[in-house]
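The block underneath contains the structure these notes are about, expressed in structure tokens.
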Amino acid sequence: MTTLQSVPEPGTRPAAGPRQDRAETRDRLSSATYDLLVIGGGILGTSVAWHAAQSGLRVAMVDAGDFAGATSSASSKLVHGGLRYLQTGAVKLVAENHHERRVLAKDVAPHLVNPLTFYLPVYKGGPHGAAKLGAGVFAYSALSAFGDGVGRVISPARAAADNPALRTENLKAVAVFGDHQMNDSRVAVMTVRAAVESGAVVLNHAEVTGLRFTHGRVSGAELRDGLDGTEFGVDARIVLNATGPWVDHLRRMEDSGAAPSIRLSKGAHVVLKRKAPWKAAMSTPVDKYRITFALPWEDQLLLGTTDEAYEGDPGQVRATDADIDQILEEAAFSVRDEHLSRDLITYAYAGLRVLPGGPGNTESAKRETVVTEGRGGMLSVAGGKWTTYRHIGRTVINKLAKLPGGALADDMEPLSRLPRRVPLPGIANPNAVAHRLLVDREPGVRMDPLTARQLATHYGSLSFEIARLVAEDPALGERIHPDGPEIWAQAVYARDHEWAETVDDVLRRRTTLTIRGLDTDEVRARVEELLRR
């Protein structure tokens, strides 16, 4: 078994290219005028940057923190149609979600998006009856053209045989349907890489300190490098505000009198060690609008989520003890107590949903995307779902093409002429990749099955670049922590090719060490040392 004492010295840079130089990137950003500056490197901003670069625009993207460092890496990890949205009559939204879900799983990211069967248990005295939920899952599967089978109702005994953790007391029936899941951080990083491969220039940990104006129009931004304090600026013909929970903060830089355009809803999650295999996820109704998830994810158990209005500092959102209590109590509706012990918790996190401003509870608010233009010409995009991030990117690009005076239209290739299903980097069958990693490894190079599987489902064919690192320096094939599948070559690769600048960038978003509760002080110190090299 690997020990932390065997942590290697990072070896030769990978053959795929050199390490990013922040000073060089700042020079590139400050020495040109870009067609589009995207402020915010969450999944919406990254999608716009990707699509804009594909259309031929000169694109820059910056983020005050890490890419997908806030809301976009704090989701329920689902790529789904949104069964509960049928409750609000959002049939078109569900159909759109299903289409995007299947495109992601089949054509864009089959190496990152995985099918997942869901059980929806119906208990005596619950908010919905078996007949209603049976009809609901049938309609849900019909909206996806039955691509994941036909939604149906099965017996409690059959469901319990597949999921021993299922609570069977007062269980009347179980509705079954299909969806998908992902590692949101990994999909986001791959989308950033796709944007860069299409020509975008990107920089994380670069905070906007002010906007630039020319004749009253927003024409760029002033920035400060969060790592060394260097101040610089970016000029752009159009600026897009894709800062998520901070969207109104940036709008007030453009117009100090700008009225609030959004409201925030906090969603917390808890991650636990799994005590038994789970053949299906569970989606349990809590009340008329809310459900609670119990998801097998990354060999762990992911529980959530909460949904409550949030008015504090977006940068300070956390999963509180009260959130954890609520999540465990709601999970206990359908999960047996022995699987919900606090001793099993490895991590808890919270993110913020960005919802359109308006009356009503956050639970029933529509999950729609809003694109607005400010008095200085800055565009702001807010809201939407992870599942439809590609569609949102195309929507914003179409908006750019229709700006008054044809500001960018003459320089853009119409989206109608571009491929609609451009794959993310590394696209490959993960089973084939894992097999090759084990069979084709260099003599004397170790690769255990868990690590091979983890690489294949997080990097796809890019796994072979990491395997090359190990071939050049076998010490990089050692595990970062003995209880996790990740190896040191992944940390080096994150530093050199995935814009990882801080320990949390590596352990929380490029790997799963933090979520598994394996980011010990010793691990963090050694990763910090690696990043300084």
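For the range 400-430, the set of residues classified as in contact with a strand residue (DSSP E or B) (Cβ under 9 Å, 6 or more places away or on another chain) and surrounded by fewer than 18 Cβ atoms within 10 Å (Cβ to Cβ) consists of L403, A407, D411, listed by residue number. Annotation note: of T520, T511, the sole residue that is buried (at least 17 other Cβ atoms within 10 Å of the Cβ) and either under 30 Å from V202 (Cα atoms) or modelled with pLDDT of 95 or more (or both) is T511.
Yes or no: V247 buried (at least 18 other Cβ atoms within 10 Å of the Cβ), outside the structural domain of L36 (by TED's automatic domain parsing) and either at pLDDT 95 or above or closer than 30 Å to D21 by Cβ (or both)?
Against the criterion (buried (at least 18 other Cβ atoms within 10 Å of the Cβ), outside the structural domain of L36 (by TED's automatic domain parsing) and either at pLDDT 95 or above or closer than 30 Å to D21 by Cβ (or both)), V247 does not qualify.
Hey, among the residues in the range 431-454 that are of a type in the set (G, A, S) and modelled with pLDDT of 95 or more, which one's surrounded by the fewest Cβ atoms within 10 Å (Cβ to Cβ)? Within the range 431-454, the match that is surrounded by the fewest Cβ atoms within 10 Å (Cβ to Cβ) is A432.
Applying a threshold of 7 Å to beta carbon distances and a minimum spacing of six or more residues, or different chains, the list of pairs starting in the range 293-310 at a residue that is within 13 Å of A268 (Cβ to Cβ) and ending at one that is assigned to a loop (DSSP other than H, G, I, E, B) and basic (K, R) reads L302/K77; D307/R290.
Could you check, for the range 377-396, whether at least one of its residues is of a type in the set (S, T, Y), surrounded by 14 or more Cβ atoms within 10 Å (Cβ to Cβ), over 17 Å from N97 (Cα atoms) and at pLDDT below 95? No, the range 377-396 contains no residue that is of a type in the set (S, T, Y), surrounded by 14 or more Cβ atoms within 10 Å (Cβ to Cβ), over 17 Å from N97 (Cα atoms) and at pLDDT below 95. Identification of strands (runs of 3 or more DSSP E) wholly contained in the range 268-348 with 1 or more residues that are under 24 Å from the mean Cα position of the chain (by Cα) and among the polar types (S, T, N, Q) yields 281-285, 291-297, 300-304. Selection over the range 256-277 of residues that are closer than 20 Å to R508 by Cβ and buried (at least 20 other Cβ atoms within 10 Å of the Cβ) gives a count of 7. Looking for whichever is more than 24 Å from the chain's Cα centre (by Cα), hydrophobic (A, V, I, L, M, F, W, C) and not in a loop (DSSP other than H, G, I, E, B) here; the options are L93, L104, L133. Which one fits? Result: L133 is the single residue among L93, L104, L133 that is more than 24 Å from the chain's Cα centre (by Cα), hydrophobic (A, V, I, L, M, F, W, C) and not in a loop (DSSP other than H, G, I, E, B).
Within the option set A194, A105, A109, being closer than 29 Å to R420 by Cβ, modelled with pLDDT of 95 or more and touching a Phe, Trp or Tyr at 6+ places or on another chain (Cβ under 6 Å) holds for one residue only, A194. In this structure, does G134 turn out to be in contact with a Lys or Arg (Cβ under 9 Å, 6 or more places away or on another chain), exposed (fewer than 15 other Cβ atoms within 10 Å of the Cβ) and on the phi < 0 side of the Ramachandran plot? So G134 does not fit the description; no. Has the range 169-192 got at least one residue that is assigned to a helix (DSSP H, G or I) and surrounded by fewer than 21 Cβ atoms within 10 Å (Cβ to Cβ)? No, there is no match, as no residue in the range 169-192 is assigned to a helix (DSSP H, G or I) and surrounded by fewer than 21 Cβ atoms within 10 Å (Cβ to Cβ).
The values are calculated or read from the model by the stated rules, or taken from the named source; none is laboratory data. Just so it is clear, the model here is predicted, and its values are computed rather than measured. Virtual Cβ from ideal backbone geometry, glycine too; neighbours counted across all protein chains shown.
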